[in-house]
Each structure stands twice: as C-alpha cells, then as structure tokens.
Amino acid sequence: MSLTDKDLILGVTGSIAAYKAVYLLRELTRLGAQVTVVTTAHAERFVGALTFRTLSGRPVLSDLFDPQSPDAVEHVALAERAHALVVAPATANLLAKAAHGIADDFLTTLLLAARCPVLMAPAMDGGMWDHAAVTANVQTLRERGVTVLEPEAGALASGLSGRGRLPEVDGIIEALERLLAPRRDLTGERLLVTSGPTREPIDPVRYISNRSSGKMGHAVATAALRRGAEVVLISGPTALTPPAGAVYVPVQTAEDMREAALQHLERATIVIKAAAVADYRVKRPSATKIKSRKDEDLTLDLAANPDILRELAARKGRAFLVGFAAETNDVRANAAAKLQAKGVDLLVANDVSVKGIGFDADDNQVTLLDRWGGALDLPKMNKLEVADAILDRVLGLRAGRPSETSNRAAR
C-alpha cells in the first residue's frame, strides 16, 4: 500500500524500544507518508530529536509551549489534519494517561484532540502487560475505538522473558494500512447480534445467570459496523457501552431476548447469536424477597427456557445463522453435536475452562465448524480479531469459498 499524501503523527514514548521507532519512521516515509514526530521528554533520553528530524524532514514536537516551534501551540490543528496517529512504542504510562484523559504534554494532548484513527503499539517490561491496571486501561481504549496491538513475547530489556516486546515494524504498518483503508465488505448487510447473559428472576433481589460479559457479542457488533453493516445488537445486562451506530435493544430474560430476536429477524441477512442464554428459569418467581433461613434448604422449581437458537434456525429464511458453544470438555465433539441439533450454518466453539479465554476475558481461542463439514481452529487472539475472523468465514462460506476463507482467517 502506498501512503502517499497521508499525513501521519508518530508518537514516541520513553522505552528502550524507542530505537525501533526510527525504523518505523523510515518505512513510513519510504511508503510516501508525511510524518510529524511527537516525543515525550523520556523518549528523548533514548533517541535524540535530530535523528527523527533528519528522517522526517519536519520539526520534532515535544513542548506545548516551545517558542522556537510555530506548531507548538497548534496541537488541535495538527490533530485535525492528520490521517492517523501512531504511538510506537506506547508505554504502560502512556496507556494509562490516554485511558484516563490526562493531557500533560504534547503527545497526550494530541490524543485528546485527535479525531483520526489512533493506533498504539505497546512495549513494556517484566509482566507489566498482564497487570490488572494495564489490562483495564487497554480495554477502555479499545472500547473507545483505539486500536491497541498485542505486544510480542520474547526476551525483554531487563533480561526477563515474556509478553512486552514492541510489535515488528511490518506488523505495525499492516495494522495502520487496515485503519486507513478499512474494509467495507459488509455494506448492505443487516446483522442481528445477540450478546451477554440473561437474568432469570428468583425474587426481586436474586436471579439465575451466568458469567458472560458480553465482550464477544459486542466485538462482533463493532467489527460489523466498521465493515459497513447495519447492526441490531440485542444484549442482556453487561457493563459494556454499545458500539456507536448500532441499534441497541437491552433485554433481561431469555423470553425478552427471544421476542426481540424474532422481531428483528425478518430484515436480517446475517444472524450471530453470541449471547449466553440461561437454559432454565424459575417457574414461579416470588413477588417479594425470599427471607433467608440458615437452617433450611431452598428448592427452586425450574422450567426450560425457549431454545432461541433452534427457533431462529427454523425461521431464518435465507439469513446466515451463526451460533456459539461454550464447552468445558470434548469441545470438538460436543460442538459438532450442537451444530447438527440446532440447525445452524456455522458454530463457534471454545473451551471456557481454559484461563484467559472465553468468559470475562479480552481474548478468545475458538474453533469454527460449519454445516458443510469444514472446521477451522483459530489461534488465541483478542475478541475483535476473532469477530473479524468469524465475519470472514461467514462471507466465504456464503460465497462458496470456505477453503480460501480458512486460509485468510488463519493468517
């Protein structure tokens, strides 16, 4: 891809990986981009401004109030004319500031002013990437639409080994290309997506539910919107913000979800049922809170909830239907049985007993089984990438090119 006429901002923060930003800058300019480099004070301890200025042919910005720079107080104008803002390396400190809206230098002020796509390539040492605070900050940024790449695993500057290495320059540029030339291959498609858990009341205080966070379903909705689709997102209770542009239908119970899904089914061309619907409900929920008695057991009389997936399969018409199977053992066999029993076109199966994927996690590792006998094992990746792989598979199967789609998704 040529980056000719693309005006880019390259943010560089204080990491030993800052030297790799030099190689990234060289490649961006070689591809035709006009690059303005913005450094933090700590970044200049690793790589001097002269190096970046020589390669970019532009002044290097770092001080909001530098009297020597005519651009120093024009951060808003700089952000508005940029086609993309890339931060490489992005330290844990930068991720935290960006997530919480702190603007105490030129780069973080630009991040608040930017309305262009933002790409962050993290680099950090010794287990920091897996720290709960970093995980939360990354999740916040991704939910806002920032593309945060996964760091690579390997030897780190401290001598430790783990995830934290800056992604390779080629990978950063590939991700940037996707941001600047997004796919619009779902234009004209109408997706119906279900997400999250359902809650089946026991009394006004208690309910039956499950551990679904809704992250997978919301990721599918986000990916589909980015690719040009119209999206109806039906979701049980979650802590997530619905993606902008989706028609959002909040529900509580399985019956609520069934009614909403059937209401929107007729216009859908693709149905992706990622919700974890409760299999049972209490037959007669109490109208008042059930008082706890420590010396007595409580027995609940349960009734089966409607099988929404099976009903959608029977009534979907020409729509392409995707179901999900959360398993804890014999994943492939159980998923294959569910595929046949439910009558779906594609089934997404994963092992939720594995730590770090599935419920509550930002990542997933799934197997895609289709009714034509195909199977595709995807590696562990973040849920937005899984969502794109699922959509790739749907389009490929519908067009009769499953093998081609398998190869593309696997990459």
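The values are calculated or read from the model by the stated rules, or taken from the named source; none is laboratory data. All figures in this text were calculated on a predicted structure; none of them were measured in a lab. Note that each Cβ is placed from the backbone with ideal geometry, even for glycine, and that neighbours are counted across all protein chains shown.
State the number of residues belonging to segment 193-212 that are touching a strand residue (DSSP E or B) at 6+ places or on another chain (Cβ under 6 Å) and closer than 21 Å to Glu259 by Cβ.
Adding up the residues that qualify gives 13.
How many residues are touching a strand residue (DSSP E or B) at 6+ places or on another chain (Cβ under 9 Å) and either among the aliphatic types (A, V, I, L, M) or under 20 Å from Leu395 (Cα atoms) (or both) if we restrict to segment 338-349?
8
So Asn93 passes all but one of these: (1) of a type outside the set (Ser, Thr, Tyr); (2) at pLDDT 95 or above; (3) surrounded by fewer than 22 Cβ atoms within 10 Å (Cβ to Cβ); (4) not in a helix (DSSP H, G or I). Which condition number does it fail?
(4)
I'm told Leu321 meets every condition in (1) assigned to a helix (DSSP H, G or I); (2) closer than 25 Å to Ala399 by Cβ; (3) aliphatic (A, V, I, L, M) except one. Can you identify the failing condition by its number?
(1)
Filter segment 112-132 for residues that are within 27 Å of Gly162 (Cβ to Cβ) and over 18 Å from the mean Cα position of the chain (by Cα) and give the result.
Across segment 112-132, the qualifying residues are Ala123, Met124, Asp125, Gly126, Gly127, Met128, His131.
Of everything in segment 270-318 that's among the β-branched types (Val, Ile, Thr) and assigned to a loop (DSSP other than H, G, I, E, B), which residue is surrounded by the fewest Cβ atoms within 10 Å (Cβ to Cβ)?
Thr299
Are there any pairs with C-beta distances below 6 angstrom linking a residue in segment 120-138 that is without any contact (Cβ under 8 Å) to a residue 40 or more places away in the chain and assigned to a loop (DSSP other than H, G, I, E, B) to a residue that is loosely packed, with under 14 Cβ neighbours inside 10 Å and of a type in the set (A, V, I, L, M, F, W, C), with the two at least 6 apart or on different chains, and if so which?
That search, which allows pairs on different chains as well, returns Gly126/Leu160.
Being under 30 Å from Val138 (Cβ atoms), of a type in the set (Val, Ile, Thr) and out of contact with any Gly (no Cβ under 7 Å at 6 or more places or on another chain) is the requirement here; does Val352 meet it?
For Val352, the condition - under 30 Å from Val138 (Cβ atoms), of a type in the set (Val, Ile, Thr) and out of contact with any Gly (no Cβ under 7 Å at 6 or more places or on another chain) - is not met.
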